[in-house]
Amino acid sequence: MTGEFEHRHGFPPGTNEVRPADHDGQTAARTLAQVTPIPADLVTFYESIGKVTWADVGNGYFLDPASDVLLRLQEYGVVDIGTDQKAHGLVIGSNGGGLAYVAGPDGAVYRTRTASLDEPELDKVCDDLRQFLELLESSLKRFIADGDPGHL
């Protein structure tokens, strides 16, 4: 993707990487699992992957490190993901356009409609983290092929 980026866009690529988890990230993932309902596949993800930064894929796609998810939880709490006030999610990332991705306790991933998390309106993106990662991969492939990642 980055090989043709500068020729295609007229400026050099930014950071585009999948960073492996380090010890601190793994510890943060285990702490998240202890303090809030978190999908098991998200904990498993954070045991291996520290963070995803694709700054140049469309507006960008970012999956935050577990330590940032934990810090956001401690500072701002959980995000209400529906009319049922017992359903809460964790902000796990964002796109470069200001929309956040929220993982629900059942594993579903949602996207905010606006940049605000105060009273978020959410759209369900997929049923679980695996599907979400597959959608990210599809966006990357589309972007490499034609420069348009689609809308995730």
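The values are calculated or read from the model by the stated rules, or taken from the named source; none is laboratory data. In this text the structure is predicted, and so the values were computed from the model without any measurement. For neighbour counting, all protein chains shown are included, and Cβ atoms are generated from backbone atoms with ideal geometry for every residue, glycine included. Keep in mind that these areas ignore ligands, DNA and RNA; they rest on the heavy atoms of the full protein, side chains included. Shrake-Rupley method; radii C 1.70, N 1.55, O 1.52, S 1.80 Å.
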Any chance T36 is touching a Leu at 6+ places or on another chain (Cβ under 7 Å), open to solvent by less than 30 Å² (accessible area, probe 1.4 Å), polar (S, T, N, Q) and in contact (Cβ under 8 Å) with a residue 24 or more places away in the chain
yes
I need a count of the residues in the range 14-53 that are outside any loop (DSSP other than H, G, I, E, B) and in contact with a Pro (Cβ under 6 Å, 6 or more places away or on another chain).
3
Checked the range 54-99 for anything small (G, A, S), assigned to a strand (DSSP E or B) and open to solvent by 20 Å² or more (accessible area, probe 1.4 Å); matches are S94
If you check V43 against the conditions, is it of a type in the set (A, V, I, L, M, F, W, C), at pLDDT below 95 and over 28 Å from P149 (Cβ atoms)?
no
Kindly evaluate I49 against the criterion of being under 29 Å from G3 (Cα atoms), within 13 Å of the chain's Cα centre (by Cα) and without any contact (Cβ under 8 Å) to a residue 40 or more places away in the chain.
yes
Examine the range 133-143 for a residue that is modelled with pLDDT under 95, closer than 18 Å to W54 by Cβ and not in a helix (DSSP H, G or I), and state whether such a residue exists.
no
Which is of a type in the set (D, E, K, R), under 19 Å from L135 (Cα atoms) and surrounded by fewer than 16 Cβ atoms within 10 Å (Cβ to Cβ), of R19, R8, R111?
R19
